[in-house]
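Colleague: The structure that follows is given in the form of structure tokens.
The values are calculated or read from the model by the stated rules, or taken from the named source; none is laboratory data. The shown structure was predicted, so the numbers you read here are calculated from the model rather than taken from an experiment. Methodologically, a virtual Cβ is constructed for each residue, glycine included, from the backbone with ideal geometry; neighbour enumeration extends over all protein chains shown. Surface accessibility is based on the protein's heavy atoms, side chains included, excluding ligands, DNA and RNA. Shrake-Rupley method; radii C 1.70, N 1.55, O 1.52, S 1.80 Å.
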Amino acid sequence: MILSQSGAGIGNRWLLFRPPGVGQRIRFAPARRYRNLRSVTVFGVPEQSAGLLFKGGASGDVGSFSAPVDDEDILHIGSLRDKLKVRDSPFVATNNSGGGFVGDKDLLFMRTTRYESEESSGSSCWNGLQMADGTCMPLPLWAIRSGPRRQIYFDPKEVTAAVVTCGGLCPGLNDVIQNIVFTLEDYGVPPDQIFGIKYGLRGFYDKDFKPINLNKQIVQNIHLQGGTMLGTSRGGADLKEIVRKIDLWGLTHLYVVGGNGGNAAANAINTELQSAGVVCSVIGVPKSIDNDILLIDKCFGFESAVEEAQRALLAGYVEAASARCGLGLIKLMGRQSGYIAMQASMASGVVDVCLIPEVKFELEALTAYVRQVIRRKGYCVVCIAEGAGQEIMQHGHAGRDKSGNPILSDIGTHLRDLFKDSMKGVDVKYIDPTYMIRAIPTTTNDRIYCKVLGQGAVHGAFAGFTGCTVGLINTHYVYLPIPIIIQAARTVDPKGRSWNRLRTAINQPDFVTDPATYEGPTSSQVVSEADYGRRQTASVTG
């Protein structure tokens, strides 16, 4: 759909132009065809966006969403409404404390960027999900908005809810647990009907760990602590036994806080529940220290982890800059996605080289460049994600863990030993803060984010939804079908703007060319020494 301001003498009219169908290339309309239009008309938004209209006129005001949206253009989520009885929300009396309610037809337009061409940065998969094999899976245009509904489908007095945390630790787990419990009680769920499952999914059937009661008093200050008060574990998804216990205990809400593995388990549990005819709403809250959940802007805890990770980078800088021919090597988390390494490197402002799983490198070229940086500045700081360079390791991946994640070879110690052996006279300081960055309490922004996610999860369950997760897309909270977000791990786009910003900020070249390139400085590689202070260049031998 193409929107345009009307020409003089026509008035404030609505002008709608149909673009090519989905999957066709973006193209520009010849200007001569629309001489009576005062603005440039650009093709590129698929016709499914026909509900998005802008009012013409000099003010450029945004008009209402007056045109209907096709059902096939909405990213639908599971529902139990046909098995439940509708009733008014307990918040109707106060109009949700004066803030009103979210409607079922409130939708979020997921494609906020219109690209000039396929050559534009970040346009590689503009209409869907970038898969691991490089293909693009098209998606609908609209997502269902998260939030409290005027009508709910569970009687709060009859709800029995359980919360479980799965997979590795992440800042914010306690925050999410706390706000799920707070919101359940706000709806009127009796405190003795809210439970926490101990040590992940195995807590459903491990006789050594019984579910614990959760209420506002118990979770009051848990957000001040890192980790999860419920404990966690990987794997252990005996679906039939879990469903049997859900039915036996009379659970009507199950909140699964986990990453790709945890959400995959939640999806399997939801499918098994429906097959068994057990009515229980399964809602996920996406957790990933690596920020590798598809579609959503960011995972909770990621921002806190980046803040802690950059402290390690700053420590590496101090060590390297204080030594003669110093080399600070810092390994950060990032199994398949390099978001922590990329963002922490950008934030710290002290990194010379950043290596992530998405971008391959050659050891000889990398070593030559590090040697050149030390010659030029007297020291060098290298940040590497744990999943980077696995293709150059002798053994590569050593199988998978219980969550299905690849078990990695230690690239950090491998590079440490390589640098020590190949660069005589270089003082290598190796820092590995891996687990430190995920065991901390949340930062302010993450704490707020966790509150909204916890609230949104409960609102979704009371709205009668199931098999969905709550997340942030284009700064708005939505419900997403779990099968979509577990298709693959979200990864850094090597051709995207975020990676490009870091590379240009630190003048990092590609480490896949002739290492002789780095024997002498070039205009694109020289970094000003003003920020570091001038120092006598030390001698480095290869």
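Colleague: Of the residues that sit in region 487-502 and are open to solvent by 50 Å² or more (accessible area, probe 1.4 Å) and part of a loop (DSSP other than H, G, I, E, B), which one is nearest to Gly460 (Cα to Cα)?
Modeller: Among those that are open to solvent by 50 Å² or more (accessible area, probe 1.4 Å) and part of a loop (DSSP other than H, G, I, E, B), it is Gln487.
Colleague: How many of the residues making up region 422-443 are among the charged types (D, E, K, R), out of contact with any Asp or Glu (no Cβ under 8 Å at 6 or more places or on another chain) and either under 12 Å from Ala312 (Cβ atoms) or at pLDDT 95 or above (or both)?
Modeller: Within region 422-443, residues that are among the charged types (D, E, K, R), out of contact with any Asp or Glu (no Cβ under 8 Å at 6 or more places or on another chain) and either under 12 Å from Ala312 (Cβ atoms) or at pLDDT 95 or above (or both) number 2.
Colleague: Quickly run through region 269-279 and pick out the residues that are touching a Ser or Thr at 6+ places or on another chain (Cβ under 9 Å) and surrounded by fewer than 24 Cβ atoms within 10 Å (Cβ to Cβ).
Modeller: Selection gives Gln274, Val279.
Colleague: Where residues in region 233-268 are over 24 Å from Ile484 (Cβ atoms) and among the hydroxyl-bearing types (Ser, Thr, Tyr), which of them is surrounded by the most Cβ atoms within 10 Å (Cβ to Cβ)?
Modeller: Thr252
Colleague: Which one is surrounded by the most Cβ atoms within 10 Å (Cβ to Cβ), of the residues in region 503-534 that are at pLDDT below 55 and of a type in the set (Val, Ile, Thr)?
Modeller: Top of the filtered list is Val527.
Colleague: Given the conditions (1) modelled with pLDDT of 95 or more; (2) assigned to a helix (DSSP H, G or I); (3) under 19 Å from Val512 (Cα atoms), report the number of the one that Arg375 does not fulfil.
Modeller: Failing condition for Arg375: (3).
Colleague: Continuing with the same structure: Checking the condition open to solvent by 50 Å² or more (accessible area, probe 1.4 Å) and not in a helix (DSSP H, G or I), which residue from Arg335, Arg311 passes?
Modeller: Exactly one residue qualifies, and that residue is Arg335.
Colleague: Going by the conditions given, is Lys105 farther than 30 Å from Ile407 by Cα, at pLDDT 95 or above, out of contact with any Gly (no Cβ under 6 Å at 6 or more places or on another chain) and not acidic (Asp, Glu)? Even if it seems obvious, please write down each step before you answer.
Modeller: Details: farther than 30 Å from Ile407 by Cα: yes; at pLDDT 95 or above: no; out of contact with any Gly (no Cβ under 6 Å at 6 or more places or on another chain): yes; not acidic (Asp, Glu): yes.
It is false that Lys105 is farther than 30 Å from Ile407 by Cα, at pLDDT 95 or above, out of contact with any Gly (no Cβ under 6 Å at 6 or more places or on another chain) and not acidic (Asp, Glu).
Colleague: Check Lys157, Lys198, Lys207 and return the single one that is at pLDDT 95 or above and either within 15 Å of Ser281 (Cβ to Cβ) or surrounded by fewer than 19 Cβ atoms within 10 Å (Cβ to Cβ) (or both). Even if it seems obvious, please write down each step before you answer.
Modeller: Values: Lys198 fails: either within 15 Å of Ser281 (Cβ to Cβ) or surrounded by fewer than 19 Cβ atoms within 10 Å (Cβ to Cβ) (or both); Lys207 fails: at pLDDT 95 or above.
After ruling out the rest, the residue left standing is Lys157.
Colleague: If you go through region 178-193 one residue at a time, do you hit one that is under 20 Å from the mean Cα position of the chain (by Cα), in a loop (DSSP other than H, G, I, E, B) and surrounded by fewer than 23 Cβ atoms within 10 Å (Cβ to Cβ)?
Modeller: no
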